[in-house]
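Single-structure report; data block below.
The values are calculated or read from the model by the stated rules, or taken from the named source; none is laboratory data. Just so it is clear, the model here is predicted, and its values are computed rather than measured. Heads up, the Cβs are rebuilt from the backbone with ideal geometry, glycines too, and the neighbour counts pull from every protein chain shown. Only protein heavy atoms, including side chains, enter the accessible area calculation; ligands, DNA and RNA are left aside. Shrake-Rupley method; radii C 1.70, N 1.55, O 1.52, S 1.80 Å.
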Amino acid sequence: MFDHCLYFNTTALARIVEREWNAAYQPFDLTAPQGFVLRAVLRQPGLLNSELAGIFGIARPTATRLLDALLAKNLIERRPSAADGREWNIFPTAAALALDEPINAVSAELAQRLRGQMGGERFDDSISALRGVRESIG
């Protein structure tokens, strides 16, 4: 019925992918969005809240809520930004650093499994096409 509908197909896909990533990050007591934000902070310590919002294409208040959840789990710390007094630099805690390798391993395993289910070329082409669509209309 909605075979040619961008909204229907992308949201249906998003629900499937969200379930997979939530299951992968559940052993770390993280939701998929929390897991991805943590991975970004681990990769680039010192990011600003606004930079995280930009990376994920989300509103700053949404980024703040995700960071608040990670702060409550003692996985990040906020430090005042020297460049802008209204912003905070986000750094991983020792507890987060201990999750760096395991969370990246689980992420790689899931990506590899999905790639195997779809086929490597289709997986890569889909990621590239979705990124292109997002950039062109976002």
query: What residue among Ala111, Gly85, Leu71 has its Cα farthest toward the positive end of the dipole of the range 68-115, where the charges are +1 on Lys, Arg and -1 on Asp, Glu, each on the Cβ?
result: Ala111
statement: Contour minus Cα-Cα span, Ala23 to Arg86, at 0.36 nm per residue, comes to 19.1 nm
Neighbour cut-off at most 12 other Cβ (10 Å), DSSP loop, GluC sites (Glu not before Pro), the range 44-92: none
- prompt: For the chain, what's the relative contact order in percent, using C-alpha pairs closer than 8 Å and at least 6 residues apart?
  reply: 21 percent
Average silhouette area of the range 83-138, convex hull of alpha-carbon atoms, in square nanometres: 6.7 nm²
field: Efficiency of FRET from Cβ geometry, Asp100 and Arg15, R₀ 22 Å, rounded to 0.05
entry: 0.20
- prompt: How much mean residue ellipticity at 222 nm does the chain get from its helices, if each DSSP H run of length 4 or more adds -39500 (n - 2.57) and you divide by all residues, to the nearest 500 deg cm²/dmol?
  reply: -23000 deg cm²/dmol
query: With axes computed from alpha carbons, what is the tilt in degrees of helix 60-72 against the longest principal axis of the chain, rounded to the nearest 10 within 0 to 90?
result: 70 degrees
statement: Across the alpha-carbon set of the range 1-51, Rg over Rh with Rh taken as the Kirkwood radius works out to 1.15
- line: the chain: spread of alpha-carbon positions along the three principal axes, whole Å, largest first, is 50, 32, 23
- prompt: ³J(HN,Hα) across the range 37-42 via Karplus (A = 6.51, B = -1.76, C = 1.60, θ = phi - 60°), whole Hz, x for Gly/Pro?
  reply: 5, 4, 4, 5, 5, 5
message: Tell me the accessible surface of Ser107 in square angstrom (1.4 angstrom probe, heavy atoms of protein chains only), to the nearest ten.
response: 0 Å²
query: Ranked by accessible surface with a 1.4 Å probe, highest first, in what order do Val133, Val37 come?
result: Val133, Val37
- line: Karplus ³J(HN,Hα) for the range 77-91 (6.51 cos²θ - 1.76 cosθ + 1.60, θ = phi - 60°; Hz, whole; x = Gly/Pro) runs 9, 9, 10, x, 7, 6, 7, 8, x, 8, 10, 10, 7, 10, 10
